[in-house]
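Okay, structure first, notes after.
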């Protein structure tokens, strides 16, 4: 395979992960927690880096793409540990919060206030793995594509 093909696979993997996340959000109604957003940001960064790497030659951008995917994987695997209660997550993400709501919203019984999304609750899982776990595995695979692209001549 060529450098361009590896980069396209990495971009496609990140795009598929984002499409899945947004599908679960907008079609399935599963709202993302803070750590879910952080994982999305890593995929967004990898896509931008990938598009640049298609135009600009060299090994730096594929290595940055690998770093973005590795960062996303680390966040996802950390998130998995929080969901499984292997370790404690960040307090603002695991305790629920009413931050950002004003007194009127809190006292109005007719107000449609969405409950905070907790990082320590598994919203969806398949084959015993949560969405964060699947994202962590996928992102590790994308690191390999990025590293293979970096090894290829432009």
Under 10 Å, Cα contacts only: if you run a Gaussian network model on the chain, which one of 60, 80, 104 comes out with the highest mean-square fluctuation?
104
What's the angle, to the nearest 10 degrees (0 to 90), between helix 3-26's Cα axis and the longest principal axis of the chain?
10
Averaging sequence separations of C-alpha pairs under 8 Å and six or more residues apart, then dividing by the length of the chain, give the relative contact order as a whole percent.
37
Which value, to two decimals, describes the C-alpha radius of gyration of the chain once divided by 2.2 N^0.38 Å?
1.21
Kindly express, to the nearest 10 degrees and within the range 0 to 90, the angle between helix 131-151's C-alpha long axis and the longest C-alpha principal axis of the chain.
20
Listed peptides 42-48, 23-29, 12-18, 126-132 by packing density, highest first (mean Cβ within 10 Å)
42-48, 12-18, 126-132, 23-29
C-alpha long axis of helix 60-83 to longest principal axis of the chain, angle in °
30
What does the helix-only formula give at 222 nm for the chain: each DSSP H stretch with n ≥ 4 adding -39500 (n - 2.57), the total divided by the residues, and the result rounded to the nearest 500 deg cm²/dmol?
-21500 deg cm²/dmol
If r is the Cβ-Cβ distance from residue 85 to residue 54 and R0 is 35 Å, what FRET efficiency results, to the nearest 0.05?
0.25
Provide the gained length on full extension for the span residue 19 to residue 129, in nm with one decimal, where the gain is 0.36 nm per separating residue minus the Cα-Cα distance.
37.7 nm
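Coordinate-derived values only; no laboratory data. Treat the numbers as computed from the prediction; the structure is a model and nothing was measured. Positions of Cβ are generated from backbone atoms using ideal geometry, with glycine treated the same way; all protein chains shown enter the neighbour counts.
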